[in-house]
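Structure, as structure tokens:
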Amino acid sequence: MVGTKDTVNVSVSNRVLRVGNDSYPLRNVTRTRLREIRPNRLTPVKNFLGGIVALLIGFLIISNFSESFGGWVLVIGFTLLVVGLVKGLRAPVLHQLAIETSSSSDTAVTSPDAAEVHRLSDLINDAIENPQAEFQVEVKSVHIGDKITQYGAGNTGKIAPERQ
């Protein structure tokens, strides 16, 4: 569940909140909102059990041709399934900080460190109330989902299916 990790620079200066390359005039920020994202622990278990079934079927088919090769496939496949199960079960709870403006809400930072996200929320809320407030913090943020970089003219990027 955890995506790529980046360091994001968050600062307030001259009544402007900057999160990475995004800027929010503090007069337009209505509030910050914290949210927890809990990983689905059932999915890695289902994947593991499905993988075991597929592995056993593959082992039975391959062992008809070569017993030693079938044994290696079983050992390697089982090891990979266990690693996937452990990674899935150990996925951290993520904490998101959303910046809400008068027109929209944007997720600014996502991190497994709850204290860091709460501290950042407090700093931003203090800056909203205090016109002289300024700060600069580097936050380790996790990117979840698609990260699209496009080059050249005429690129369409990622086309999402239409919602009905």
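Here are some notes:
To keep it simple, each residue is scored yes or no on (1) closer than 18 Å to residue 7 by Cα; (2) touching a Phe, Trp or Tyr at 6+ places or on another chain (Cβ under 9 Å); (3) acidic (Asp, Glu).
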| site | (1), (2), (3) |
| --- | --- |
| 50 | no, no, no |
| 60 | no, no, no |
| 63 | no, yes, no |
| 113 | yes, no, yes |
| 122 | no, no, yes |
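- Of everything listed in (1) in a helix (DSSP H, G or I); (2) under 16 Å from residue 18 (Cα atoms), the single unmet condition for residue 136 is (1).
- Entry remark, segment 1-55: residues being of a type in the set (A, V, I, L, M), surrounded by 13 or more Cβ atoms within 10 Å (Cβ to Cβ) and either more than 19 Å from residue 86 (Cβ to Cβ) or within 22 Å of the chain's Cα centre (by Cα) (or both) number 13 in total.
- Residue within segment 67-77 that is among the small types (Gly, Ala, Ser), at pLDDT below 90 and within 25 Å of residue 142 (Cβ to Cβ) present: no
- Top-ranked residue in segment 92-127 [being among the acidic types (Asp, Glu) and in a strand (DSSP E or B); ranked as modelled with the lowest pLDDT]: 106
- Residues being of a type in the set (Val, Ile, Thr) and touching a residue at least 60 places away in the same chain (Cβ under 8 Å) - total across segment 35-53: 1
The values are calculated or read from the model by the stated rules, or taken from the named source; none is laboratory data. The structure displayed is predicted, hence computed values, not measured ones. When we count neighbours, we look across all protein chains shown, and the Cβ atoms used for this are built from the backbone with ideal geometry, even at glycine.
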